[in-house]
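Just so it is clear, none of the values below were taken in a lab; they were calculated from the coordinates. Predicted model, so just to flag it, every value in this text is computed and none were measured. Positions of Cβ are generated from backbone atoms using ideal geometry, with glycine treated the same way; all protein chains shown enter the neighbour counts.
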Amino acid sequence: MYYLCSIGSNIEPIHHVNRVIGELLEQFGRLTLSSAIRTQPVGMVSQNDFINCLFVIHSPHPREELKRRFIQLELAHGRDRGDPACKIRDRPLDIDILASDEAGHFLHVEVDEYLRDLLAELHGMPVEIAGKIALSPQGRRLDTRPQMLERS
């Protein structure tokens, strides 16, 4: 099964996003990564901007197991999921599963507005995206465009 997922962080976001991409590569071997962008918080009040990106992975794990693995990563990065208000607080890491598909076709998936251009970009559509951030997971300098990454 292919999964469309999002990463968000607004506490040391460059550090946490770079680190988790490397950790995802270690666990899953490869992923397709969108550009990363800086966004203002949505649905919460914070002074800290987010770094957000999308990724697609292929995994034999069912959705529940994949979410469990993502929660483990969030906890390892210092997220307090025991806090009832964790959805509206600053966070070092948030990984969500947005959709799944046997063939990996996600172009028509409904995502939050700030992620729409990233989704279009992942599917090869020409879009102008403001606020792109260059990432360097595992010491690799990435372009500000979608790319397939493999475990090194």
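Some notes on this structure:
- Annotation: extensible slack from Ala134 through Asp83 equals 15.2 nm (criterion: 0.36 nm per residue apart, minus Cα-Cα distance).
- Stokes-Einstein D (µm²/s) once Rh is taken as the Kirkwood radius of the chain over alpha-carbon pairs, at 20 °C in 1.002 mPa s: 138 µm²/s
- Put in order of Cβ neighbour count within 10 Å, fewest first, the listed residues Thr39, Thr144 become Thr144, Thr39.
- Using a cutoff of 8 angstrom between alpha carbon atoms and counting only pairs six or more residues apart, the relative contact order for the range 2-150 works out to 39 percent.
- Qualifying GluC sites (Glu not before Pro) in the range 18-102, DSSP loop, other Cβ atoms within 10 Å at most 14: Glu102
- Placing R0 at 22 angstrom, the Cβ-Cβ distance between Arg145 and Asn48 gives a FRET efficiency of 0.30 after rounding to 0.05.
- Under the simplified labelling scheme, the Glu64-Glu113 pair shows an inter-label distance of 3.6 nm, with each label point 7 Å from Cα along Cα→Cβ.
- Note: relative contact order over the range 1-89, using C-alpha pairs below 8 Å and six or more positions apart, is 36 percent.
- Residues Arg69, Arg79, Arg91, ranked from the fewest to the most other C-beta atoms within 10 Å, line up as Arg69, Arg79, Arg91.
- Placing a label point 7 Å from the Cα of Glu102 along the Cα-to-Cβ direction, the residues of the range 40-72 with a backbone N closer than 19 Å are 57-64.
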